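The values are calculated or read from the model by the stated rules, or taken from the named source; none is laboratory data. Treat the numbers as computed from the prediction; the structure is a model and nothing was measured. All Cβ positions, glycine included, derive from the backbone under ideal geometry; neighbour counts span all protein chains shown.
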Amino acid sequence: MRFKDRLAFVLSNMKKNRMRVFMTVLASTMGCAFLIVLASVGFGVQKTAVEDITGGRLLTQIDTFTTSEEKPFIKKDIDMMKEIDHVKAVTSRQRIQNEGNVSLDGYSKDLFEVFVPDFKDEQKAGLELSKGRFPQAANEVVVGYHYGENLSKVQKNKKEITYKASLYHKTLTLTIKQKEGKKTKKKTIALKVVGVGEKPPKRVQEGQELFLTKDVLQTIEAFTKTPKGMSKSDIDPKHPQPYNTYDDVKVYADDAENVESIEKELKKKEYVASSRLDSLKEINFVFLFIKIGLIVVGTVAVLIASIGIFNTMTMAVTERTQDIGIMKAIGAHPRSIKQIFLLESVIIGGLGAVLGTIISYLFSFAANALLPVIISTFFQTKVPDDFYFSYIPLSLPLISFAICFGVTLLSGMRPARRATKIDVLRALRRDV
Amino acid sequence: MITVKQLEHEFRIGKKGKETIVPVLRDVNLTVNAGEIVAVVGRSGSGKSTLLNLISGYIAPVQGKIMINGTDVTGMSEGEWADFRLENIGFIFQSFQLIPTMTAFENVQLPLVFKGVKEVDRKIQTETMLKKVGLWEFKDHYPGELSGGQQQRVSIARALIVHPPLILADEPTGSLDSENERALLSFIQQLNREENITFLIITHDEEVANIAHRKITISDGRLVEGSDTDEI
Ligand SMILES: Nc1ncnc2c1ncn2[C@@H]1O[C@H](COP(=O)(O)OP(=O)(O)OP(=O)(O)O)[C@@H](O)[C@H]1O
Ligand SMILES: [Mg+2]
C-alpha cells in the first residue's frame, strides 16, 4: 500500500471524527506546551541568575594574573600554561598603551582596549566573528561588535554623536604619538577592518576591542622605541620596560568540570587565578533539581495527553472493526493496517507537539514582554533589565518534541496492534 | 485449482481446561479443477462455511493440507495470506461486506489500493469494472444508497478487480430476490465461460446448485460427490 493512500485513509478517517480528533490534538498541544513553558521558567530564571554571576563570561574561563606587576607574563608563562592538563586554550593579549587615537571620517577614539592577540589562540578559546574573517595581511584588523559606539565626534552644536554605520571593510586610521624632548612626533597607520566580533551577551562590557596584528605592533614599537607604544615619559629610565610581555592572560578549560583542577595547578605555579565556578556550581546544582522537577511535572501532563490519544485510537479501532475485518478478508496486509493507525496517532501527536511548541514560544515571548510591565504597574516593583521569566534554549523544544512524539507513538502502538489482531470472521459476522 | 487433502477441523468452546470439542470436518478430500463451477451443499450446520473459511485462510485447519493455484497455503502467515488473496482469490459474501463509509467506486478499487497500484491506473480499471457490472452511474453512491442486488454487483466488481483465477462465494444469493439471483447466476456463468474463472460456491439453493458443473455434499463432516436431495 502506498504512503499516499495510507495518508488518504487516515485523513478521511480523521475528517469523519473531527471533534474527537480536535479534542485529542488540543490535549496533546496543551500537554506539550505545558511541558515546555514550565521548563522554560526554570531555564529563564537560571539564565538570569547565571548571567548575573558571570557577567556573560564563559564558565570555562579562568582569569590569570601574576603575583606582582614587576613580574609580567612572558612567553614562557603562556607556554607552560598551555601544557597543563585539560587546558583548551590560553589567550594572551598585549595592550597598546599610547596617547594616540583611532579615527574614521572625523570620528575618533583614544587607544583604549587596543590589543595584540594571538588570533589562533583566540579562535581556540572561542572568539567568533559575526562578519568577515581573521586578519591575513599586516594591516588588517578585527573590531569588537560594539567598537563603533565609542568612535565619536562633537558636532557644531556641541552635541557628541557616535559612529552608527557598520565598520566592516572600512579603513581606520591609527595615530601613534611619541614625545621627543619637547616635540611630539606622530605616525599614522591605515588599518582595514576585515572582521567584526560576535555580539557579546547583554550587560557585558565587552565588544569594545580593537585587535591588531603582531606586524602592526612591531611598526608601533619601532616608531616609539618603547614596548607596546608606551610614552617615554611614563618609563622610569632606571627600570627599563621589557618587550614581549602580556597584559591580559586567560586560560580556558576544555570542560567546566576541569576548571577547578586547572585553577589548583595555576596556583601551585604561583599565579593568581579566578573563575566564577564555585558560586555557579552551587546555583546550577539547585537549578538542575528545579528543572528536573519541572520537566517531570510537564511530562506528567504529556502522559495525561497520551491517555487521550490512547483512548481516541482505541475507539477509532473499535469503531472500524468491521471495516478492518472486511479489508483483511479481501487482502489488506496487517502491516498496512497497523501503519494506518500508527500514522493517525503520529499525526495527532505531531500536530500537538508542533502547536504546543509554537504556543509555548508565544507564551514565553509574551511573559518576558508583559510580566515586567504588569509587575511594575500592580506591585510597584521594578523588574531588573534583562530578567528572563522564561527562556527556551533550542534543546528544550527538541527534548519536548521527542517526549511528545515518543509518548504518542507508544500510546498509539497498542491500538494499532489490536487492529491487526482483529478476527476476520467475527468482524464479518458483525458480532463484535 | 484447489486441492484439499485429509482436512480435519474442530472448534473448541468454553473456558480453557473445561472446553468441549466440536468436530466439524473429518478427512475431507476435494479437488476443484481450473474452469469449474463447483457447488457445495449440505444441511445447515454441516460445516460448509467452515470449509470455505479454511480455504479462504480465515481459519487454520487442525490437520490436513490445502493447495490453491499450485501454492501450499497451509501454515501461511497472515501477511502471506494477504498477498496471496490479492493475487489469487476474489471473495463474494452473503451480506456483501462493503465498507459503508466508502462509495461504490472506493469499495471497488480497495484491492488495488492494497496492492499499491497507482491512482491513475486504479481509476481506469475501476471504471471498466463498474461499467462491466452496469453500475457506473452509481459510482458515487454509498452502500446504504444502493439496493441489495446493486450492492452484490459492487462486491462482485471488487472481487473481479484484481482478475483472480478463483472466486470463493458463501451463499452469494442468500440476500437476493429471485430476479437478482437469476441475474447473478447468469453473470457467474458468463464470467466462467468468457474468462475461465473458477468458482467454489456454497449454497442452500437448488437454482444455484443447478448452474454448477459439479455438486458436492457435506454430511457428517465428510464430503460426498453429487447431490443427495434428501440432505438439502
Ligand atoms: N467459531 C465457531 N466456534 C464454535 N463452533 C463453530 C464456530 N463456527 C462454526 N461452528 C460450528 O461448526 C458447525 C458448522 O458450522 P458452519 O457455519 O460451517 O455451517 P454451515 O454448513 O455453513 O451452516 P449454514 O448452512 O447454516 O450456514 C456448526 O455446528 C457450528 O455450530
Ligand atoms: Mg454457512
Item to check | Those strands (runs of 3 or more DSSP E) lying entirely in region B:1-63 with at least 3 residues within 16 Å of ligand 2 (Cβ to nearest atom) | outcome: B:20-32, B:37-42
Checklist entry - Here are some residues: A:189, A:290, A:295, A:262. Which one is surrounded by fewer than 17 Cβ atoms within 10 Å (Cβ to Cβ) and not hydroxyl-bearing (Ser, Thr, Tyr)? => result A:290
Item to check | Verdict on residue B:197 being under 25 Å from residue B:124 (Cβ atoms) and modelled with pLDDT of 90 or more | outcome: yes
Next on the checklist: Looking for something touching a Lys or Arg at 6+ places or on another chain (Cβ under 6 Å), at pLDDT 85 or above and either not in a loop (DSSP other than H, G, I, E, B) or not assigned by TED's automatic domain parsing to the domain that holds residue A:170 (or both) - is there at least one such residue anywhere in region A:221-238?
Outcome noted: yes
Checklist entry - Which one of these does residue B:61 not meet: (1) touching a helix residue (DSSP H, G or I) at 6+ places or on another chain (Cβ under 6 Å); (2) within 13 Å of another protein chain (Cβ to nearest Cβ)? => result (2)
Checklist entry - Could we say that residue A:317 is under 30 Å from residue A:46 (Cβ atoms) and at pLDDT 85 or above here? => result no
Item to check | Hits in region A:271-329 - residues which are in a helix (DSSP H, G or I) and within 14 Å of chain B (Cβ to nearest Cβ) | outcome: A:316, A:319, A:321, A:322, A:323, A:324, A:325, A:326, A:327, A:328, A:329
Item to check | 3 or more residues under 29 Å from the mean Cα position of the chain (by Cα) and over 24 Å from residue A:265 (Cβ atoms): qualifying strands (runs of 3 or more DSSP E) within region A:61-171 | outcome: A:114-116, A:129-132, A:140-143
Next on the checklist: I'm told residue B:53 meets every condition in (1) more than 9 Å from every other protein chain (Cβ to nearest Cβ); (2) closer than 19 Å to residue B:1 by Cα; (3) within 19 Å of the chain's Cα centre (by Cα) except one. Can you identify the failing condition by its number?
Outcome noted: (1)
Checklist outcome for this item: Of the listed residues (B:75, B:116), the one being more than 23 Å from residue A:321 (Cβ to Cβ) and more than 11 Å from chain A (Cβ to nearest Cβ) is B:75
Checklist entry - Would a scan of region A:32-39 turn up a residue that is assigned to a helix (DSSP H, G or I), over 26 Å from the mean Cα position of the chain (by Cα) and more than 14 Å from every other protein chain (Cβ to nearest Cβ)? => result no
Next on the checklist: Residues that are within 16 Å of ligand 2 (Cβ to nearest atom), at least 1 per element: which helices (runs of 4 or more DSSP H) completely within region B:113-232 meet that?
Outcome noted: B:206-211
Checklist entry - Looking at region B:71-83, is at least one residue within 16 Å of ligand 2 (Cβ to nearest atom) and assigned to a strand (DSSP E or B)? => result no
Checklist entry - Name the pairs whose Cβ atoms lie under 8 Å apart, with the first residue in region A:2-19 and under 15 Å from residue B:115 (Cα atoms), the second of a type in the set (Ser, Thr, Tyr), and 6 or more positions between them or separate chains? => result A:6/A:336
Item to check | Subset tally (residues that are surrounded by fewer than 18 Cβ atoms within 10 Å (Cβ to Cβ) and more than 16 Å from ligand 1 (Cβ to nearest atom)) for region B:75-101 | outcome: 11
Checklist entry - Restricting region B:123-139 to residues that are crowded, with 21+ Cβ neighbours inside 10 Å and in contact with a Leu (Cβ under 9 Å, 6 or more places away or on another chain), which is farthest from the other protein chains (Cβ to nearest Cβ)? => result B:135
Next on the checklist: Please go through region B:1-60 and give me each residue that is within 9 Å of ligand 1 (Cβ to nearest atom), closer than 19 Å to residue B:204 by Cα and not β-branched (Val, Ile, Thr), ordered by number.
Outcome noted: B:25, B:42, B:43, B:44, B:45, B:46, B:47, B:48, B:49, B:51, B:52, B:53
Checklist entry - If you check residue B:39 against the conditions, is it away from chain A (no Cβ under 14 Å), surrounded by 19 or more Cβ atoms within 10 Å (Cβ to Cβ), within 14 Å of the chain's Cα centre (by Cα) and among the small types (Gly, Ala, Ser)? => result yes
Item to check | Residues of region A:401-432 that turn out to be away from ligand 2 (no atom under 16 Å from the Cβ) and part of a loop (DSSP other than H, G, I, E, B), as a count | outcome: 4
Next on the checklist: I'm checking my understanding of the structure. Among residues of region A:371-402 that are modelled with pLDDT under 85, closer than 23 Å to residue A:301 by Cβ and more than 18 Å from the chain's Cα centre (by Cα), which one is surrounded by the most Cβ atoms within 10 Å (Cβ to Cβ)?
Outcome noted: A:400
Next on the checklist: Condition first: at the interface with chain A (Cβ under 9 Å from one of its Cβ atoms) and over 28 Å from residue B:73 (Cβ atoms). Now tell me which residues in region B:89-105 satisfy that.
Outcome noted: B:100, B:101, B:102
Checklist entry - Taking into account only those residues within region A:330-351 that are of a type in the set (Gly, Ala, Ser) and away from chain B (no Cβ under 14 Å), which is nearest to residue B:111 (Cα to Cα)? => result A:345
Checklist entry - Among the listed residues A:342, A:355, which satisfies the condition of being part of a helix (DSSP H, G or I), more than 18 Å from residue A:32 (Cα to Cα), touching a helix residue (DSSP H, G or I) at 6+ places or on another chain (Cβ under 8 Å) and at pLDDT 90 or above? => result A:342
